[in-house]
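What follows is one structure encoded as structure tokens, with my remarks underneath.
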Amino acid sequence: MGFPKDFVWGAAAASYQIEGGAFEGGKGLSVWDMMCRTPGRIWSDNTAEVACDHYHRYGEDARLMGEIGLNAYRLSISWPRVLPEGVGKVNRMGLAFYDRLIDALLENGIQPWVTLFHWDYPYALYCRGGWLNRDSADWFAEYATVIVDRLSDRVSYWMTLNEPQCFIGLGHQTGEHAPGLKLGFADILLAIHHSLLAHGKAVQAIRSRARSKPIIGAAPVGFVKIPACEDPETIEAARTGMFSITGKDCWNNTWFADPMILGEYPKDGMKRFKDDMPEIQTGDLETICQPLDFYGVNVYHGQTVRSSPKGGYVPTPSDDGHALTTMLWQVTPDALYWGPRFFYERYKLPIVVTENGMANCDWIHLDGKVHDPQRIDFLSRYLQAYGRAIDEGVEAKGYFLWSIMDNFEWAYGYRQRFGIIYVDYPSQKRILKDSAHWYKDVIASNGAIL
Ligand code: IFM
């Protein structure tokens, strides 16, 4: 069978991680700009003030994407670049940048897939309570409206929120990410509820105003459980594990995806969180649960489990010396089989892998090239697993490699390199890594060479 003929081969990046121009062109501050100003919060006190200078070099970057043969590029919009105060006055220079970027992509034969929010939250709105303020849903809908009105003549593919588990969990519970808060769990659930309302209202705004038929999804983290062996009992244990809630934290699938797609919070979570539940007003779940066109999901690794004699599942200890990326994330290719399969079974939406890739210790070799055989091997294995899911009946629409280029990896700064294009930050020179050349062949063969 193989990958469907119209399968979308893409790559992704996010505004704050590549754009730079942090204080240019009328852009407002984001919570990440504030985080970067705080000594000790980012590795080596790196900042994203310049990052990959994509704000100025988007033309060259779009050409390189065209050279690789990408069908699509997943970008995100910087909310404070467009609305410096988060709401109200629109920054024409900010919108004009995205106009130029979208045009450059289309000129290079690349479909833009636009994420509305990938973590660079307007600082001005944070000062008004941020995601803890119920108005945040309306602020987000106002922002979505501005973007859709301007770009939907050329953009058809939309994602609302990137990894709400992380911007709430890391940003508001553990404090490792901006805005660096360590809130109690009731506030965490409140912030999640408001972000889900924001998702629903943004979907409504896109559907009601888009000028070309919109295809809409979100891009949550996919927490994947991999059965240790493929007997029915172990598979069932993994399925149960993937869709259950075990901790008072954000590290689960269902608290986010069930309300969006099934229109209800999961019962096990409601029981576990009963003392901290936010007020759910009449109509909230109807607002959150808007029809979606695909299940977007970011998958990097999974946890191997087996059934427990007590019922449910238990993690299996990993082998000594298990393969790790430089993020110290385990290399578990089967995550891209079981993740798509289990998500497709539960949510019954076509799957789009909105992020997958690895951080590696890349540098420029003596021959002037960047050889990254680990990444090629990693991607081959994961894509083969995704192909297996497709062969077995999972409807899958696309794959976005994270990332098109090395970039600012949040609290890790520039210590981690996820790109298939190497960025030499001092000179801003771009070099296609071996994996970029390999991905070009994968795309040209529609995955047949895998
Ligand atoms: O760089 C991040 C991205 O912003 C969100 N998903 C995971 C990536 C790698 O950590």
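Brief remarks follow.
- Met358 in contact (Cβ under 8 Å) with a residue 24 or more places away in the chain, out of contact with any helix residue (DSSP H, G or I) (no Cβ under 7 Å at 6 or more places or on another chain) and among the hydrophobic types (A, V, I, L, M, F, W, C): no
- Taken as a whole, the structure places Leu29 among residues that are over 22 Å from Ser403 (Cβ atoms) and within 23 Å of the chain's Cα centre (by Cα).
- Matching helices (runs of 4 or more DSSP H) fully within the range 115-190 where at least 2 residues are charged (D, E, K, R): 136-151
- Residue pairs whose Cβ atoms lie under 6 Å apart, sitting 6 or more positions apart in sequence or on different chains, and linking a residue in the range 111-122 that is within 12 Å of the ligand (Cβ to nearest atom) to a partner that is in a loop (DSSP other than H, G, I, E, B), are His118/Ala14; Asp120/Ser78.
- For the criterion of being touching a Phe, Trp or Tyr at 6+ places or on another chain (Cβ under 6 Å) and more than 16 Å from the ligand (Cβ to nearest atom), Met93 fails.
Here's the yes/no breakdown for (1) at positive phi; (2) in contact with a strand residue (DSSP E or B) (Cβ under 9 Å, 6 or more places away or on another chain); (3) among the aliphatic types (A, V, I, L, M):
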residue	(1), (2), (3)
Cys229	no, yes, no
Met242	no, yes, yes
Phe256	no, yes, no
Pro259	no, no, no
Tyr265	no, no, no
Ile280	no, no, yes
Tyr300	no, yes, no
Val305	no, yes, yes
Tyr313	no, yes, no
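- When Asp406, Asp441 are checked against the criterion of being acidic (Asp, Glu) and away from the ligand (no atom under 16 Å from the Cβ), a single residue qualifies: Asp441.
- Extreme residue, farthest from Pro426 (Cα to Cα), among residues of the range 2-21 that are assigned to a loop (DSSP other than H, G, I, E, B), touching a Phe, Trp or Tyr at 6+ places or on another chain (Cβ under 8 Å) and away from the ligand (no atom under 14 Å from the Cβ): Phe7
- Close pairs (6 angstrom Cβ cut-off, 6 or more residues apart or separate chains): in a strand (DSSP E or B) in the range 380-409, of a type in the set (Ser, Thr, Tyr) anywhere: Phe400/Thr354
- Considering the conditions (1) under 15 Å from Phe408 (Cα atoms); (2) in a loop (DSSP other than H, G, I, E, B), Gly40 is excluded by exactly one of them, (1).
- Members of the range 255-295 found to be surrounded by 14 or more Cβ atoms within 10 Å (Cβ to Cβ), polar (S, T, N, Q) and out of contact with any Leu (no Cβ under 9 Å at 6 or more places or on another chain), listed by number: Gln290
- All of Leu366, Leu383 fail the test of being at pLDDT 95 or above, surrounded by fewer than 19 Cβ atoms within 10 Å (Cβ to Cβ) and of a type in the set (A, V, I, L, M), apart from Leu366.
- Of the residues making up the range 165-189, just one is without any contact (Cβ under 8 Å) to a residue 12 or more places away in the chain, in contact with a Lys or Arg (Cβ under 9 Å, 6 or more places away or on another chain) and away from the ligand (no atom under 16 Å from the Cβ), namely Gly175.
- Checking every residue in the range 38-50 against the condition of being over 24 Å from Ala198 (Cβ atoms) and within 21 Å of the chain's Cα centre (by Cα) gives at least one match.
The values are calculated or read from the model by the stated rules, or taken from the named source; none is laboratory data. Note that this is a predicted model, so its numbers are computed, not measured. Neighbour counts run over all protein chains shown; Cβ positions are idealised from the backbone, glycine included.
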